[in-house]
Each structure stands twice: as structure tokens, then as C-alpha cells.
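Below is one structure, written out as C-alpha cells; comments come after it.
The values are calculated or read from the model by the stated rules, or taken from the named source; none is laboratory data. The structure displayed is predicted, hence computed values, not measured ones. Because the Cβ atoms are built from the backbone with ideal geometry, glycine has one as well, and the counts that use them run over all protein chains shown.
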Amino acid sequence: MSDGVKKWVYLIVLSLIWGSSYILIKKGLVGLSPVQLGSIRILMTTLILLLFGYKSLSGWSYEQWKWLVFTGFFGTFFPSFLFAFSETEINSSVVAVLNGLTPMFTLIIAYLFFQQGVKRKQIGGVLLGFAGTVLLVAQEFSLSNTGDARYALLVVIAALCYGINVNTIKYKLEGVTPMAIALSNFIAIALPALILLLTSSFPWRTFYINTTILTSLGYIFILSLFGTAFAKVLFNKLLTISSAVFSISITYLLPIVAIGWGVLDGEHFGGAQWLASGLILGGIYLVTETKKAP
């Protein structure tokens, strides 16, 4: 399979996986606090990755480890808690569509800090996709009884973190294998996550008889296995065979999947949402650039 075909396969698979992550976070918050959810998600994923990728840790220089730790916090640690806290007040589908800001941040950071040229076609694609994202957000807020809209700022910060992470992996960690990046990231943030979990009010002595907590832990295990561990490795592979902007354009497809889950959960999905989805797909088409930017 050629790299051109692979990158589209990876993009679609990741969209399905990560688009489902938001509903899993929502279900996990039924029995867990945001701090507990974020910490347990990180610790579970670390253990899963250690089982399969422990051999990939050796041979990296101090310079590489510095950036591996950096991407661990910006690509996983901060977003894990920001998303969890945001979904305590706003719907999971709204969180998903707000994450569509990521490509915009990715382009800006690549231009400002990595001297990467940007074509008008790419800018147009980002703006078109963002317009679709804004339309979806507007519809979601108007059709649902949401909480404090200020929590949407947490998703914006998470999108900025993702933009920083993607550019750092693309331009500072060239040659490091996808598994090594993923596992190193989680090893770097496992201890802070453990400290946060231990200082939370998690009921260690009784959680195993609480069906609500056990159900939430089951959702987080699924999220950790597929939405974090497997998806992180797959996303890093995508970065190695495509541009940073194409890789992060996955955030344009996430809202479609996330709202699909919302429909199954009884949420409304009308004509405006379909129009927004069309704008998002049009943005992906424009953002995809086979030639190098000047």
C-alpha cells in the first residue's frame, strides 16, 4: 500500500476512534471526577504501551528525550484533563467540534516557529473547515441545554496544545519511531498523573462494589486502549508519511463521528449540521497538499 493511500486509511480510522472518544469521556464522568478520569486514562495507557513497546525506549539522546517529555505534556497530559473538565459543563459533541480549531493553531505555529511556508489553498481549507466547525458549534449550543459556555475555552487551550505537539513531533523528533514517541510520552507524564490520582477522593476501599464507578472504569479502559494507546501510535505513523497540516486535519472529521454518536443517544441532527459537515469535508480537500509549500 502506497503512502498516499495509507495516510487516508489512517485518517479515516483515527477519525472513527477519536470521534468516539468524546462520548466515552462523557460516560466515564458519570462515576469519576475529571481529575480521576484524566489520571486513570493516562496510567492505563502507560501500562498498555509498556506491554507492547518497552523495547523501543533505548537509544535516544538527551535532546530527543527533552522533546519527548515536552510532547508528552502538551500532546496528552494537559488535553486529557482539559477535555474531561470541559465535558462537565458542555456536550461531548460540542467539545468535538471545538477541537476543529487545532489545524488553525498548527498552521500558525508552523509558520511562526518552524519557518514553514503556507499556501493560500491551505489557508482557505483551514478557514472553510473552521467555518463548518463554527456552524456546528452554534447549532449544538442552540439545540441543547448546555452548562457554562466558558468551559469551551478549555477546549480551545487543548487545541492549542495539540497544535504545539504536532509541530514538535514533526520537526523535532524526526527518526524516532511512533511507538517510542507514544510510550516515552506516557512514561514522562505517568508520575504526575499518579500523584493527582492519589490526592483525589477516589474511593480505593469501596470502588470495586460500586457499579457506577466500575462501569465508568470500563469506558475509560476502552478509551485508553483504542482512543489513546492504539490511536497515538497510529497518529505518529501518520505524521511520518504526511504533512503536519494534513495529519491534524483529522479534527475536521471528528465532529461528524461525535455527532453521529449523539444522534444514537437521542440528540437532534438537522439540515444545518449536514451543511456544516459538507464545509468540513471541503476544508479537508483543500488542506490536503501534495506539493511542498514555498
> Filter region 79-92 for residues that are more than 11 Å from the chain's Cα centre (by Cα) and among the aromatic types (Phe, Trp, Tyr); which is surrounded by the most Cβ atoms within 10 Å (Cβ to Cβ)?
Replying inline: 81
> How many residues are surrounded by fewer than 20 Cβ atoms within 10 Å (Cβ to Cβ), hydrophobic (A, V, I, L, M, F, W, C) and more than 19 Å from the chain's Cα centre (by Cα) when one looks only at region 151-199?
Replying inline: 6
>> Looking at region 32-60 only, could you name the residues that are crowded, with 21+ Cβ neighbours inside 10 Å and of a type in the set (Gly, Ala, Ser)?
In response: 38, 39
>> Please go through region 270-281 and give me each residue that is touching a Leu at 6+ places or on another chain (Cβ under 9 Å) and at pLDDT below 80, ordered by number.
In response: 270, 272, 273, 276, 277, 280, 281
> If you take the residues of region 101-126 that are more than 22 Å from the chain's Cα centre (by Cα) and under 18 Å from residue 251 (Cβ atoms), which of them is surrounded by the most Cβ atoms within 10 Å (Cβ to Cβ)?
Replying inline: 118
>> Which of the numbered conditions does residue 73 fail, given that it passes all the others? Conditions: (1) aromatic (Phe, Trp, Tyr); (2) closer than 24 Å to residue 128 by Cβ; (3) touching a helix residue (DSSP H, G or I) at 6+ places or on another chain (Cβ under 8 Å).
In response: (2)
> Considering only helices (runs of 4 or more DSSP H) fully contained in region 143-257, which possess at least 2 residues that are among the basic types (Lys, Arg) and touching a Phe, Trp or Tyr at 6+ places or on another chain (Cβ under 9 Å)?
Replying inline: 152-172, 231-241
>> Against the conditions (1) surrounded by fewer than 19 Cβ atoms within 10 Å (Cβ to Cβ); (2) at pLDDT below 85; (3) not polar (S, T, N, Q), where does residue 95 fall short? Just the number, please.
In response: (1)
> Can you find even one residue in region 35-53 that is over 12 Å from the mean Cα position of the chain (by Cα), farther than 18 Å from residue 190 by Cβ and in a helix (DSSP H, G or I)?
Replying inline: no
>> Could you check region 86-125 and list, in sequence order, the residues that are touching a Ser or Thr at 6+ places or on another chain (Cβ under 8 Å), under 17 Å from residue 286 (Cα atoms) and among the hydrophobic types (A, V, I, L, M, F, W, C)?
In response: 101
> What pairs come up if the first residue lies in region 68-91 and is closer than 16 Å to residue 37 by Cα, the second is crowded, with 23+ Cβ neighbours inside 10 Å and of a type in the set (S, T, N, Q), and their beta carbons are under 7 Å apart, counting only those six or more places apart or on different chains?
Replying inline: 76/185
